[in-house]
Amino acid sequence: MVKTTSMLPIRDCVFQTPGYTPGEQPQTNDYIKLNTNENPYPPPPEIFQDIQAELSKVRLYPDPVSTQLRQAAAKIFNVSSEQILAGNGSDDILNIALRTFVNPGETVAFLDLTYSLYETLTRVHGANLVTFPTNEHFQLDRPLICPEAKLIFLASPNPPVGQHLRRESLEETCEKATGIVLIDEAYVDFSPYNHLDFLTKYENVIISRTMSKSYSLAGMRVGFGIASRAIIEQMDKVRDSYNLDRIAQALATAALNSHPYFEQIWEKVCQTRERLMVSLKDLDFLGFDSDSNFVLASPQWISAADLYHQLKERKILVRYFNHPRITNYVRISIGTDEEIDRLLEAIKKIKYGG
Ligand code: PMP
């Protein structure tokens with residue numbers, strides 16, 4: 001007999017969760033891809049130098065604890081390598097934190113408008129979620145107080161607006177929290193504000209970082225959790241035993257060791273972002289200042305959905321939002337200067353014809 005879904009022993013919380021929808025990832029190269037906040041610049045060629053040696057070892061399991069990668073990361077983050085957990089992307093770190101600190105039925109808190117994966121992970125885990133309102137500028141203008149929360153996810157900069165959260169509110173959140181506060185710094189290298197110093201002040205803080213955006217390695221899936229040794233020791237038990245493959249470990253280590261190259265790129269991306277924002281305002285968009293590698297802007301003369309479709313016809317991919325609190329917005333990842341010129345050209349044609 002063929003079993004129907006309803007007869008399978010699926011956990012209610014899994015069955016009832018719609019699941020996370022990642023951004024469009026076309027498998028052809030004919031798009032200008034400005035939709036999922038990847039870095040438009042490739043990593044430097046020298047990071048591929050030792051890959052052949054790694055490929056010749058694919059028969060063997062990789063280092064289960066990503067030793068060299070964690071050592072390279074420790075130098076950048078100015079902590080000990082025992083304070084670092086390497087993850088298969090920073091999504092892996094978020095998931096591990098949830099499974100380490102929250103029992104099903106307990107509470108996880110995050111902002112009403114933020115990275116939507118927090119909700120999916122929480123629901124699939126069978127935990128309760130509490131969302132905390134941001135103010136009219138999508139800012140956290142007071143601490144997130146939720147005494148029952150075992151884990152609080154806060155992204156700074158926070159998508160989809162892309163601004164860092166106010167430091168005083170974050171500090172007070174960490175002081176008052178009875179559980180863990182995970183500050184997701186996926187976009188922090190494009191921002192002047194990070195919170196690594198919180199690690200010396202608060203025992204309950206985890207900072208997560210990714211190599212997907214600032215280090216041009218989205219395809220390799222590498223992220224980090226940075227926290228006290230006590231926290232990392234527990235999270236380490238929860239991760240998959242070989243959660244990073246050997247190619248990812250080697251490329252990510254080499255990329256971290258090429259840090260100065262990436263710093264120049266971050267500078268470039270920030271300059272392009274400022275130029276894009278000025279041009280969008282000239283083209284009658286309302287937008288937010290961003291300290292990420294994307295901007296959120298609302299066209300005042302066309303629906304965001306129409307703009308998205310018309311850009312897609314012209315082989316330019318952006319993302320559009322119709323969230324109740326951000327109706328009619330497109331989110332545009334920062335591309336190369338040439339890509340952004342082509343985007344602006346396309347928007348002008350859509351607006352003025354031609
Ligand atoms: N955190 C935030 C706030 C993000 O926007 C993203 C990207 N979707 C991630 C984490 C996940 O990044 P990674 O590629 O490291 O899993």
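Values in this text are rule-based calculations from the coordinates and carry no lab data. Here the structure is a predicted model, which is why all the values come from computation and not from measurement. So basically every Cβ, Gly included, is an ideal-geometry build from the backbone, and we count neighbours across all protein chains shown.
Structure above, values below:
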{"item": "Nonlocal amide H pairs with residue 132, under 5 Å, H built at 1.01 Å", "result": "110, 111, 112"}
{"item": "Electrostatic dipole magnitude of the stretch 59-258 [Cβ: Lys, Arg +1; Asp, Glu -1; Cα centre; debye, to 20]", "result": "540 debye"}
{"item": "Cα gyration tensor shape for the stretch 88-204, rounded if a/c is under 1.5, else prolate or oblate", "result": "rounded"}
{"item": "Expected 222 nm ellipticity per residue - DSSP helices of 4 or more, -39500 (n - 2.57), all of the chain, to 500", "result": "-10500 deg cm²/dmol"}
{"item": "Under-5 Å amide H pairs with residue 107, H placed in peptide plane, nonlocal only", "result": "128, 150"}
{"item": "³J(HN,Hα), Karplus 6.51/-1.76/1.60, whole Hz, each residue of the stretch 216-231, x for Gly, Pro", "result": "6, 10, 4, x, 9, 6, 9, x, 9, x, 10, 6, 5, 4, 4, 5"}
{"item": "Relative packing of peptides 48-55, 237-244, 218-225, 283-290 - highest average C-beta neighbours within 10 Å first", "result": "218-225, 283-290, 237-244, 48-55"}
{"item": "Tensor-based shape of the chain (alpha-carbon gyration tensor, a/c under 1.5 rounded, otherwise prolate or oblate)", "result": "rounded"}
{"item": "Whole-Hz couplings from phi, Karplus 6.51/-1.76/1.60, listed for the stretch 285-291; x for Gly and Pro", "result": "10, 9, x, 10, 5, 10, 10"}
{"item": "Furthest towards positive pole of dipole, 139, 238, 223, structure part the chain, Cβ charges", "result": "238"}
{"item": "Cross-link pairs 281/315; 33/201; 33/150; 75/268 - those with Cα-Cα distance over 29 Å", "result": "33/201; 33/150"}
{"item": "Charged-residue dipole, Cβ positions (Lys, Arg, Asp, Glu), the chain about Cα centre, Debye nearest 20", "result": "720 debye"}
{"item": "In order through the stretch 264-279: 3J(HN,Hα) via Karplus (6.51 cos²θ - 1.76 cosθ + 1.60), integer Hz, x for Gly, Pro", "result": "5, 5, 4, 4, 5, 4, 5, 5, 5, 4, 5, 5, 4, 4, 4, 5"}
{"item": "The stretch 2-73 shape via C-alpha gyration tensor axes, a/c threshold 1.5", "result": "oblate"}
